[in-house]
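**Student:** Can you keep this structure in mind? I'll have questions shortly.
The values are calculated or read from the model by the stated rules, or taken from the named source; none is laboratory data. Bear in mind the structure is a predicted one, so any value in this text is a computation, not a measurement. Please note: Cβ atoms are built from the backbone with ideal geometry, for glycine as well, and neighbour counts cover all protein chains shown.
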Amino acid sequence: MPPSPIVLTNTNTYANHTRHLPPLSIIGKVTASFGPRDPVYESAILSHKPHNELHGYPHFILRKQMLAGLWTKHACLLTIIGAELAKPASQRLKWLFWHDRDVILMNPHISLDVFLPPEPEFGHVNLLVTRDRNGLNNGVFFVRVSEWSLKMFASALSVREYVPEAVLKYTEQSGMEMTIERPWWNSSVAYVPQRWFNGFPPNRRSSNSTSAARPGSLLIHFASNRDGIRPTRMVQWGDVACSKSSKWYKPYDQTGYRDEIAEYWDRLRRNESMAEVCADIGKRAWD
């Protein structure tokens, strides 16, 4: 029997067995990278290793294309969510953290669970996503393992069939955006500041932009390659991540995450506009 195209990597695979291992988390990571192995993207995926070891995250890596174009993302998540829902509830992952393969983990001190919606008050939230200047950016997001999520990705995959006239500028990303903007889905979606877990590489011009990662941020997402030098940027920032620079390798309490996350949910409790809260919190600099 051929091996599964979805490779599950967990802490036991990476670990030095002479030390104590953390229990597996309720959150699993998911990404996809298929075709000829590219050292730049393989290094980016490997940058998650210390984070996975520290917090006990199983890491699903899809190594075979399932559908044409970028729609494999939805199919992969459908497969994993379905497999988790088939397990007894006590044995399931509770959330999945999708990241594109062009994401470098910068600060393993930041646990993924700090971003999850407070329970039970926000138990209706099944999807945590971010927007950039073009709309939804689904390069990095959290999705709850639930029937809602299974149906949402099935709906997003079906957009081309039930709305054939739709213009999907960003293919599967646009399909997902069109789906979650519908009222039934939208009530379970939380849009959070982009810089929390989907920030782009900062530079001199963009360091204070709401889209730029800040020193101490969890990760950097290299979403654009318009200038053709994304691999070069990824190598440069990969070196920074490996150096464990004190500027980026900060304990959680030395970042602005705790205060920003608490404020975000508190303001939603007061029924403030989600977009306005994101715009306000997202523009802040960290010392």
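**Student:** Taking the residues in segment 50-82 that are surrounded by 17 or more Cβ atoms within 10 Å (Cβ to Cβ) and charged (D, E, K, R) as candidates, determine which candidate is farthest from R230 (Cα to Cα).
**Tutor:** Restricting to residues being surrounded by 17 or more Cβ atoms within 10 Å (Cβ to Cβ) and charged (D, E, K, R), the top hit is E53.
**Student:** Anything in segment 80-137 that is among the hydrophobic types (A, V, I, L, M, F, W, C) and in a strand (DSSP E or B)? List them, or say none.
**Tutor:** Passing the criteria: W95, L96, F97, W98, V103, I104, L105, L127, L128, V129, L136.
**Student:** Still on this structure, please answer the following. Within segment 176-211, which residues are in contact with a helix residue (DSSP H, G or I) (Cβ under 7 Å, 6 or more places away or on another chain) and free of Cβ contacts under 8 Å to residues at least 60 places away in the same chain?
**Tutor:** M178, T179, I180, W185, N186, P201
**Student:** Residue by residue through segment 1-44, note down the ones that are farther than 22 Å from W95 by Cβ and modelled with pLDDT of 75 or more.
**Tutor:** F34, G35, P36, R37, D38, P39, V40, Y41, E42, S43
**Student:** Does any residue of segment 239-253 turn out to be of a type in the set (F, W, Y), in a helix (DSSP H, G or I) and surrounded by fewer than 19 Cβ atoms within 10 Å (Cβ to Cβ)?
**Tutor:** Within segment 239-253 (the criterion being of a type in the set (F, W, Y), in a helix (DSSP H, G or I) and surrounded by fewer than 19 Cβ atoms within 10 Å (Cβ to Cβ)), the answer is yes, since at least one residue qualifies.
**Student:** Being surrounded by fewer than 22 Cβ atoms within 10 Å (Cβ to Cβ) and either under 20 Å from G256 (Cα atoms) or touching a helix residue (DSSP H, G or I) at 6+ places or on another chain (Cβ under 7 Å) (or both): is that true of H124 here?
**Tutor:** No, not satisfied.
**Student:** Further question: Might you let me know whether segment 136-149 holds any residue that is among the β-branched types (V, I, T), over 29 Å from S246 (Cβ atoms) and touching a Pro at 6+ places or on another chain (Cβ under 6 Å)?
**Tutor:** No - not one qualifying residue is present in segment 136-149.
**Student:** Same structure again: Under the condition of being surrounded by fewer than 18 Cβ atoms within 10 Å (Cβ to Cβ) and not charged (D, E, K, R), which residue from segment 83-108 is farthest from the chain's Cα centre (by Cα)?
**Tutor:** P88
**Student:** Scan segment 88-102 and report the pairs whose first residue is under 17 Å from G56 (Cα atoms) and whose second residue is aromatic (F, W, Y) and not in a loop (DSSP other than H, G, I, E, B), with Cβ atoms within less than 6 Å and a gap of 6+ or a chain change.
**Tutor:** If the second residue must be aromatic (F, W, Y) and not in a loop (DSSP other than H, G, I, E, B), the pairs left are W95/F142; F97/F142; W98/F141.
**Student:** Suppose we filter S155, S211, S149 for residues that are of a type outside the set (D, E), modelled with pLDDT under 95, crowded, with 19+ Cβ neighbours inside 10 Å and under 30 Å from R269 (Cβ atoms); which single one remains?
**Tutor:** Just one listed residue meets the conditions, S211.
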